[in-house]
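Values quoted throughout were computed directly from the atomic coordinates according to the rules given, and no laboratory measurement underlies them. Here the structure is a predicted model, which is why all the values come from computation and not from measurement. Because the Cβ atoms are built from the backbone with ideal geometry, glycine has one as well, and the counts that use them run over all protein chains shown.
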Amino acid sequence: MRYDDTSGSESSMTESASKDPLVLFMPSGKRGRFPVGTPVLEAARKLGVYVESVCGGRATCGRCQVEVQEGNFAKHKIVSSNDHISARGAKEERYDRVRGLPEGRRLSCSAEILGDLVIDVPQDTVINAQVVRKAASDRVIERNAAVQLCYVEVDEPDMHKPLGDLDRLKVMLEKDWGWKDLLIAPHLIPQVQGILRKGNWGVTAAIHRDMDSSRPFIVGLWPDLKNEMYGIACDIGSTTIAMHLVSLLSGRIVGSTGTSNPQIRFGEDLMSRVSYVMMNPDGREAMTIAVREAINGLIGKVCEENGVDRTDILDMVFVANPIMHHLFLGIDPTELGQAPFALAVSGALQYWAHEIDINVNRGARVYLLPCIAGHVGADAAGATLSEGPYRQDKMMLLVDVGTNAEIILGNRSRVVAASSPTGPAFEGAEISSGQRAAPGAIERVRIDPVTLEPKFRVIGVEKWSDEEGFEEEAAAVGVTGICGSAIIEVVAEMYLSGIISEDGVVDGAMAQKSPRIIPNGRTFSYLLRGDGEQRITVTQNDVRAIQLAKAALYAGIKLLMEKQGVDRVDTIRFAGAFGSFIDPKYAMVLGLIPDCDLNEVKAVGNAAGTGALMALLNRTHRREIEGMVKKIEKIETALEPHFQQLFIDAMALPNKVDPFPELARIVALPEKKVASNDGGEDGGRRRRRPR
Ligand code: FES
């Protein structure tokens, strides 16, 4: 027998091997030659093609289904036909009668190779080896979970062979599945005899092995055939907790859910929660209990919604920022509130779920991704795993903007990371008319450069504000404030239409031209909406708050670019909810992010959660990110003397010193001018940008 794992040529083949049928597995493209009579499942295993099996080839679990592709595959020099695979035998017929086998499907443990074949390992959601992300990306996560279900039939006890029931179970798990040196979760030991007898000596064991070097553990035991188990991938954010329930056998996302982090009642932002711990003797414990209760509640909700028993959850992966990570694990986060921002532990962690009060199967394991630094947590590690700057040649900038922005910059040869204190302005806080994204919030803004009249869109209303029928539709939700995405747009549009200068000063001279420029003490505001009582304005202070936030972000990015020795980035990934809603063009006009081809700026949603999902479905991703985090160079922005100058330069729109040639290709940026805030005639003469 001979096989290779590429679609390359059949080289140096022995004569007998060259006569063996050639089998190609799709979509992996792995192929090899196998003697006539080899079960398809065995061929897949030998090539390293992932095909699930729980029953160990007894044709009872149905997890090993494949399909034969018929036809002449000239590129691969294979003529594949259903005649080249054994006919359905008694075992498959029985399975079909009992459970039903869809047309064209075969049980690969029973079907034998008779000739050349192209075998499709189905990618549907029920029986597959890979999962397609729910996001727009077509990336697949190859499956290699840390937990595996293994059915065995154990010898009945024999007075002449006094081996214990558990020991005979271990013998069969080694004989049928190759598990050596098995350990068992202690809570199962008293249950072994009952489960074996209940299953009439047929039992399914859940075996957990995270690292190849670690001893495998029996973590679950069920009488008879157990054909499904689940995992949880969870991102504990300071504002929101997001969770996926995933079938560990098929890789299918069974359900997703989320809730706000109940720790908000102890403090809106991270630092106020650290302060709460410092001021209150029971503060840490109260917040630990709150987050664990919320997670248990979410598990209950997502299980109930999808008809899953929570005791069928066997593995869990969590990501979180450092403070959430510590509070979840019951670690005092005080050290993270002050320099040098020492983490209690930075490496990846493993727990039994019950040790941290998570109520799932008693044998379930919990894995936490490593933290990168005191301000760059396991969530940033998850986003890094998901987007993989280290897997490519392009210089990738990955930013996750919240009250703290995490910034990762790098490529295959080097990755650097930092965090920057952007504050809550991007989320609508600190903005006079700011609010969270909710019905009634303005989410899109355009300003006419000639008349300075705005038009906007409101969450929950289809029409733009200048379209007929808008007011009638808007009456249902009201127009209540400006959310984060619109704040970016309105300030950028104010700059593009000349209402503010590159230094961010609202130009009082414009008051001559438009009644929307209104005095506000010694400064001016822009009236976006309203007359009478309900007014939504953008004040000078609002613009300043956005400038401060964006300057902090950009200065952090620029510092990392300098560390990398580059003056441009090739591609930008915006992680997190904020990135999903902002228009990259406006983010660039404001100078949140450096100049880049806009086609290379992408929002990637909850990349941290995707990273958790990857680590849940494939344990090799855990090793990948553990190794990578050790290599990432952490930059502490507060310690860099140059940071202050970068920050000052970044206060200007888009930037005092950095050019934006890619942006200038598609947006006519205003010429530099000096703004006046005295409302006089001569303060703000400038050329209009063409539209
Ligand atoms: Fe279980 Fe084939 S391996 S049915």
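In terms of surrounding Cβ atoms within a 10 Å radius of their Cβ, SER53, SER346 rank from fewest to most as SER346, SER53. Put in order of Cβ neighbour count within 10 Å, fewest first, the listed residues THR422, THR571, THR610 become THR571, THR422, THR610. Amide H contacts under 5 Å for VAL415: GLU633, restricted to partners 5 or more places along the chain or on a different chain, H placed in the peptide plane at 1.01 Å from N.
In summary, no helical segment of the chain meets the span-like criteria, namely a full DSSP H run, a Cα extent along the axis of 27 angstrom or more and a mean Kyte-Doolittle hydropathy of at least 1.6. Tally Lys/Arg at +1 and Asp/Glu at -1 over every other residue whose Cβ is under 11 Å from the Cβ of GLN392; what's the total? Around GLN392, the charge tally is 0. Summing charges over neighbours of VAL601, with a neighbour being any other residue whose Cβ is under 14 Å away from its Cβ, gives -1 when K and R count +1 and D and E count -1. Residue order for THR384, THR38, fewest other beta carbons within 10 angstrom first, comes to THR38, THR384.
Stretched out straight at 0.36 nm per residue, the stretch from ASP155 to ARG623 would grow longer than its current Cα-Cα span by 164.7 nm.
Take every DSSP beta bridge whose two residues both sit in segment 293-450; close to 80 percent of them are antiparallel. Length gained on full extension, ARG99 to SER86: 2.6 nm, using 0.36 nm per residue less the C-alpha separation. Of the peptides 646-656, 259-269, 178-188, the ranking by mean beta-carbon count within 10 Å, highest at the top, reads 646-656, 259-269, 178-188.
Cα centroid separation, segment 208-285 to segment 432-506: 38 Å. Report, in listed order, any pair from LYS30/LYS180; LYS46/LYS602; LYS175/LYS301 with a Cα-Cα distance greater than 31 Å. Pairs exceeding 31 Å: LYS46/LYS602; LYS175/LYS301.
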